[in-house]
Amino acid sequence: MNEITYDLDENNEVVKTKINSKEVNQMASLKDTALAYEPKQTLNITELNEISVDVDVKHEVRKNSEGEEYSIDFIIKDEKEYRVPASVLEGIKVQVEANPKLEKVKVTKTGEGKATKYTVVPLV
């Protein structure tokens with residue numbers, strides 16, 4: 001199976017195509033492009049085993065499929081976005097205030113939807 005990667009410019013336009021780490025001058029086939037396609041997806045911070053408290057948090061205003069705006073805080077790790085709920089930021093604040101030298105945490109969750117509860121666990 002071919003591994004196809006693309007280098008994008010700031011407008012998300014393809015500037016380089018690589019197949020199996022080898023740069024090619026021609027575009028990949030529609031089939032290969034479709035097979036390599038992964039839709040952009042925002043994961044949840046609870047999916048990470050550990051998180052540095054010094055990681056950069058990004059904030060954006062986006063539009064949902066109905067065109068309504070919403071705001072989101074997220075971190076990027078391994079080129080994937082992980083959503084950071086406000087209650088997790090509050091939990092990290094409590095942990096850092098209690099231990100200013102804290103470097104890493106793990107976030108767990110229980111429940112679903114509006115009943116979701118997040119717990120920030122300090123890691124040593």
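The values are calculated or read from the model by the stated rules, or taken from the named source; none is laboratory data. Keep in mind that this is a model prediction, so the values were computed, not measured. Because the Cβ atoms are built from the backbone with ideal geometry, glycine has one as well, and the counts that use them run over all protein chains shown.
Selection within segment 103-121: residues that are surrounded by 16 or more Cβ atoms within 10 Å (Cβ to Cβ) and touching a Leu at 6+ places or on another chain (Cβ under 8 Å). The member of this set that is nearest to Ser52 (Cα to Cα) is Val105.
Step by step: first the residues of segment 44-101, then only those that are of a type outside the set (D, E, K, R) and in contact (Cβ under 8 Å) with a residue 60 or more places away in the chain, then the one that is surrounded by the most Cβ atoms within 10 Å (Cβ to Cβ). Which residue is that? Filtering segment 44-101 for residues that are of a type outside the set (D, E, K, R) and in contact (Cβ under 8 Å) with a residue 60 or more places away in the chain, the one surrounded by the most Cβ atoms within 10 Å (Cβ to Cβ) comes out as Ile45.
Only residues that are farther than 23 Å from His59 by Cα and in a helix (DSSP H, G or I) were counted across segment 75-124, and they come to 2. Checked against the criteria, Lys18 does not count as surrounded by 14 or more Cβ atoms within 10 Å (Cβ to Cβ), in a strand (DSSP E or B) and at pLDDT 95 or above.
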